[in-house]
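Since the structure comes first, as structure tokens, the remarks are kept for the end.
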Amino acid sequence: MVLNYNSIEQLSSNLGSVKISANIKDSRIGFADILNLVPTLRSTVPFNKYPNAILNVNANVKGSVNDLLINDLKVSGLDQLRVAASGRIRNAMNPDNLYYDLRIAELSSSAKTIFNLVPKNTIPSNISLPSNMSIKGTAKGTTKVVNANLNLYSTLGNAAVIAQIDMRRKNHELYDVKANLQGLQIGKIIQNKDIGQ
């Protein structure tokens, strides 16, 4: 793994311009080791929930933090979370200008892991996540424009979704979603007993 930067200050003031080239094969990263080096992370996600986790990582990435080409990324080791993806991410340090073009071979998790990783109250209390789920497909866009072709497999049913969403104009949002639901238990997901499958 190689990082190129002009100064130590750049790592905190302009992280997006730091260049990275990494070819990590069959590596294990212990959160306890990271916390020994940076103990201030102990109260941040995911370290606060998994201080003794050991991530299994395979990665081949290059570019800068703000324009990262992911040739291959595989991560596992936090409960049931598994990630296998490739693609490109631009402006990761500036969410308003975020752009992604991803091929997701696997993004799977348990509901418990998701609740441990996302900020509190991110998922509304009237939503029940499937105990296990997996997503495969492609996603491309920004925080306001999304083009996705995804397949969801879960303990509450399956779905194939092709979606084009444009939320750039307030009150003039455009949604074009085609979904093939296969036994998806929507009533259980939104906690409404009056809605069946």
Inset, instruction - Kindly establish whether Gly77 is on the phi > 0 side of the Ramachandran plot, surrounded by fewer than 16 Cβ atoms within 10 Å (Cβ to Cβ) and either touching a residue at least 24 places away in the same chain (Cβ under 8 Å) or of a type in the set (Ser, Thr, Tyr) (or both). - result: no
Inset, instruction - Could you please give the count of residues in segment 80-101 that are open to solvent by less than 50 Å² (accessible area, probe 1.4 Å) and aromatic (Phe, Trp, Tyr)? - result: 1
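Mind telling me which of the residues Ala92, Ala159 ends up being within 25 Å of Ser76 (Cβ to Cβ), in a loop (DSSP other than H, G, I, E, B) and of a type outside the set (Phe, Trp, Tyr)?
Ala92
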Legend entry - Residue that is nearest to Met93 (Cα to Cα) [pool: residues in segment 5-28 that are open to solvent by 70 Å² or more (accessible area, probe 1.4 Å) and at pLDDT 85 or above]: Lys19
Inset, instruction - Filter segment 102-133 down to the residues that are free of Cβ contacts under 8 Å to residues at least 40 places away in the same chain and closer than 20 Å to Asn58 by Cα, then identify the one that is most open to solvent (accessible area, probe 1.4 Å). - result: Arg103
Inset, instruction - May I ask you to verify whether Asn56 is touching a strand residue (DSSP E or B) at 6+ places or on another chain (Cβ under 9 Å) and free of Cβ contacts under 8 Å to residues at least 40 places away in the same chain? - result: yes
Inset, instruction - Report the residue count in segment 46-63 for those that are among the hydroxyl-bearing types (Ser, Thr, Tyr) and surrounded by fewer than 18 Cβ atoms within 10 Å (Cβ to Cβ). - result: 0
Legend entry - Residue among Gln164, Gln182 that alone is modelled with pLDDT under 95 and open to solvent by 70 Å² or more (accessible area, probe 1.4 Å): Gln182
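The values are calculated or read from the model by the stated rules, or taken from the named source; none is laboratory data. The shown structure was predicted, so the numbers you read here are calculated from the model rather than taken from an experiment. Please note: Cβ atoms are built from the backbone with ideal geometry, for glycine as well, and neighbour counts cover all protein chains shown. Heads up: the accessible areas ignore ligands, DNA and RNA and are worked out on the full protein's heavy atoms, side chains in. Shrake-Rupley method; radii C 1.70, N 1.55, O 1.52, S 1.80 Å.
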